[in-house]
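Read the structure below first, then the notes.
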Amino acid sequence: MAVNEERNVLAEIEDLMNQKQYSALRSKAEAMNEADIAAIMEDMEDENMLKLFRIFPKDMASDVFAMLEPDSQQYIITKLSEKEAGIIIDNLQSDDAVDLLEEMPANVVKKILENARPDTRKDINHLLQYPDDSAGSVMTVEFIDLKEDMSVEEAIQRVRKLGVDSETINTCYVLDAKRKLIGAVALRTLLLKKADDRIGAIMHGSVISCRTHDDEELVAQMFQKYDFNAMPVVDAENRMVGIITVDDVIDI
C-alpha cells in the first residue's frame, strides 16, 4: 500500500472509530491485507490501536498481531485480559510466540502461559530451551508429518487436518516410528499421484536438514545455497523437531 493511500485509509478508519461505526470498521478491516492493517496500526495512538485490535475476528487478530512491532505487541498483550492474551498466544505460530514472550517480564509470561492451551505451553517451553541464535530457537514446531506406509489419500486427509495450524503445507516430512526424518514429499506430488500410491514409493529419500544447535547464520547460508522455502530441523539423533521457513531466514 502506497504512503498516501495508507494515510487515507488511516483517516477513514479513525473516522469510523470516532463515529463508533464498529460493524463498518470490522468489515473494512476484514477486506484488507493483514500486513497493511499492521502498518496502519503502527501510526495510530496506542488507545486507538487497542480499540481497533479488539474488533478483529480471532484468527485475523493473531495474524495481524504477528506482524506488529515488538513494542506494539507488548502494549496490546499487556492490555488484554489474561484469557484474551492466552487466546492470542494459542493462535500464534510457536516461534512468533516465543519471540514475543522472550521480551516480556517473567511474571507477565507466567500469567499468559497459565491461560494458554497445554500443547501451546509445551511447544513454547520446548523452544525456550535452545541457545539464542541457534536453529532450535528460531524454528517452529508446527509442520506436516507423514508415515511411509500411508496412502496418498490418507496423506492428503492428514494435510487437511493439520494444515490450518502448520506454518507451511508445501512440503510434508516423512518420519519413521521413532520420528527420525527419512524423506519428504511435496504437496504438488501428492495432488498428482494416485490415491492408493504409498508415500514411501513417491517420497524423496535424501533430505537436507539442519540441527537444533546449528548457528542461525549457517542456516541462512544453507537457504541461500539451496534456494529453500523451508528446512527441517533435527536433533542429535536425527529426530525431526521442527522446521525453519524462509520468512524466519529473512528476519535473520
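The values are calculated or read from the model by the stated rules, or taken from the named source; none is laboratory data. Small disclaimer: the values here were computed from a predicted structure and weren't measured. Positions of Cβ are backbone-derived with ideal geometry, glycine not excepted, and every protein chain shown enters the neighbour counts. Side chains are part of the model used for accessible areas, which takes the heavy atoms of the whole protein and leaves out ligands, DNA and RNA. Shrake-Rupley method; radii C 1.70, N 1.55, O 1.52, S 1.80 Å.
Accessible area per residue was computed with a 1.4 Å probe on protein heavy atoms; Tyr226 scores about 90 Å².
Label-to-label distance for Leu192 and Asp59 is 2.9 nm, based on points extended 7 Å past Cα in the beta-carbon direction.
Going by accessible surface with a 1.4 Å probe and the largest first, Met240, Met150 read Met150, Met240. Solvent-accessible surface of the chain, averaged per residue with a 1.4 angstrom probe and all protein chains in place: 55 square angstrom. Three principal axis extents of region 92-131 based on alpha-carbon atoms, in descending order, are 22, 21, 17 Å.
Within the listed set Asn125, Asn18, Asn229, the residue fluctuating most in the Gaussian network model of the chain (springs between alpha-carbon atoms under 10 angstrom) is Asn18. When the helices of the chain are scored as -39500 (n - 2.57) per DSSP H run of n ≥ 4 and the total is divided over every residue, the value at 222 nm lands at -16000 deg cm²/dmol.
Maximal additional length on extending the Asp145-Lys225 stretch stands at 26.3 nm, based on 0.36 nm per residue less the C-alpha distance. Partners of Lys147 within straight-line reach, counting lysines whose Cα lies under 26 Å from its Cα and excluding those fewer than 8 residues away in the same chain: Lys122, Lys161, Lys178, Lys180, Lys193, Lys194.
The mean of 1/r over all pairs of different alpha-carbon atoms in region 83-232, once inverted, gives a Kirkwood hydrodynamic radius of 16.8 Å. Each eigenvalue of the Cα gyration tensor of the chain, multiplied by 5 and square-rooted, gives one semi-axis; in descending order these are 36, 21, 17 Å.
Of the heavy-atom accessible surface of the chain (probe 1.4 angstrom), what whole percent is carbon and sulfur? Whole-percent figure for carbon plus sulfur exposure: 45.
Derived value for region 1-91: Kirkwood hydrodynamic radius 13.2 Å. Basis is the mean of 1/r over every pair of different alpha-carbon atoms.
Residues whose amide H lies under 5 Å from that of Ile144, counting only those 5 or more places away or on a different chain, are Tyr173; hydrogens are built 1.01 Å from N in the peptide plane. Of all DSSP beta bridges confined to the chain, the antiparallel ones make up roughly 80%.
A Gaussian network model of the chain, with springs between Cα atoms under 10 Å, assigns the largest mean-square fluctuation among Gly205, Gly242, Gly136 to Gly205. Between Glu114 and Asp235, the FRET efficiency estimated from the beta carbon spacing at R0 = 35 angstrom works out to 0.80.
By a 1.4 Å probe calculation restricted to protein chains, Ile169 has an accessible surface near 60 Å², given to the nearest 10.
At 0.36 nm per residue, and after removing the present C-alpha to C-alpha distance, how many nm does the segment from Val164 to Lys180 gain when stretched out fully? The partial results should precede the final answer.
Numbers: separation 16, 0.36 × 16 = 5.76 nm, distance 2.37 nm.
Taking Val164 through Lys180 to full extension adds about 3.4 nm, to one decimal.
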